[in-house]
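Contents: one structure, followed by commentary.
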Amino acid sequence: MFHPTVFDNIKIAFENQIYDYDNLDGILTVTDRADLLNLALMSREFSLSFRLAGSRNVTSQVVLLSSVKELSDEILETPGSDPGCGLVLRFYMEIRNVDVQCAAAQRILSSIWGPDVQPVQSLTYRYGQEDGTCNNCIELKFNRQITEEQMEDIPHLLEFLVQSAEELEDIY
């Protein structure tokens, strides 16, 4: 019989909570979902994107990552291993004033997530676009593996994620 991996269990926990926020609470709308298996690297990536109800500008995304090493350590019960997966949070938003809005986003996310999770902002724009709008992808990458021991922290993490999206929305 199939035994779900840590990746699968954490993925389901995130999905359940986010879909409850969508279907039951109505505080957000899921806009995209991807569950990918990279056969060349034998890695997995799951992402769930959403917008807060009434959001004008910010799309949030939860990304879980698992490599072949994490999967093999779990299946083979490698001594000394602690099976888990990587976690990345992303926020996508359009900005018009790079210096002001990027600095504001940095302050907001640093105050919510603390010094251990530093935001990385990547800006893109379309050449020839005359309105001066840039797309900002803000990434928060956690420096440690997420294991089943942290599953009870998922609701709190999602509260911070929603708070982050709300405050980022205000800098538009």
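The values are calculated or read from the model by the stated rules, or taken from the named source; none is laboratory data. Every value quoted in this text rests on a predicted model; they were computed, and no experiment measured them. Ideal geometry is used to build each Cβ from the backbone, glycine not excepted, and the neighbour counts take in all protein chains shown. Just the protein is used for accessible areas: all its heavy atoms, side chains included, with ligands, DNA and RNA removed. Shrake-Rupley method; radii C 1.70, N 1.55, O 1.52, S 1.80 Å.
Ranked highest first by average number of other Cβ atoms within 10 Å, how do 47-54, 68-75, 124-131 line up?
47-54, 68-75, 124-131
Which one, GLN101, PRO119, SER72, projects farthest toward the positive side of the charge dipole computed for the range 69-126 from Cβ point charges (K/R +1, D/E -1)?
My answer, from the dipole projection, is GLN101.
Given a cut-off of under 8 Å on Cα pairs at least six residues apart, what relative contact order in percent is computed for the chain?
22
Calculate one ³J(HN,Hα) per residue across the range 111-120 by plugging θ = phi - 60° into the Karplus curve 6.51 cos²θ - 1.76 cosθ + 1.60, and present them in order as whole Hz with x for glycine and proline.
Result, ordered by residue: 6, 7, 9, x, x, 7, 10, 8, x, 10 Hz.
For the chain, with all protein chains present and a 1.4 Å probe, just round the carbon and sulfur fraction of the accessible area to a whole percent.
Of all accessible area on the chain, carbon and sulfur atoms account for 52 percent.
What would the Debye equation give as log₁₀ I(q)/I(0) for the range 1-135 at q = 0.14, 0.15, 0.21, 0.22 Å⁻¹, counting only Cα atoms as equal point scatterers?
-0.84, -0.93, -1.28, -1.32
Only four residue types carry charge here, +1 at the Cβ of Lys and Arg and -1 at the Cβ of Asp and Glu. Report the dipole size of the range 112-160 about the Cα centre in Debye, rounded to the nearest 20.
Using only the charged Cβ atoms, the result is roughly 300 debye.
Taking the Cα centre of the range 1-156 as the origin, how large is its charge dipole in debye, to the nearest 20, when only Lys and Arg (+1) and Asp and Glu (-1) carry charge on their Cβ atoms?
In debye, rounded to 20, the range 1-156 gives about 660.
Accessible area per residue for the range 42-89 in Å², computed with a 1.4 Å probe and the full protein assembly in place, what is it?
Here the residues of the range 42-89 average 44 Å² of exposed surface.
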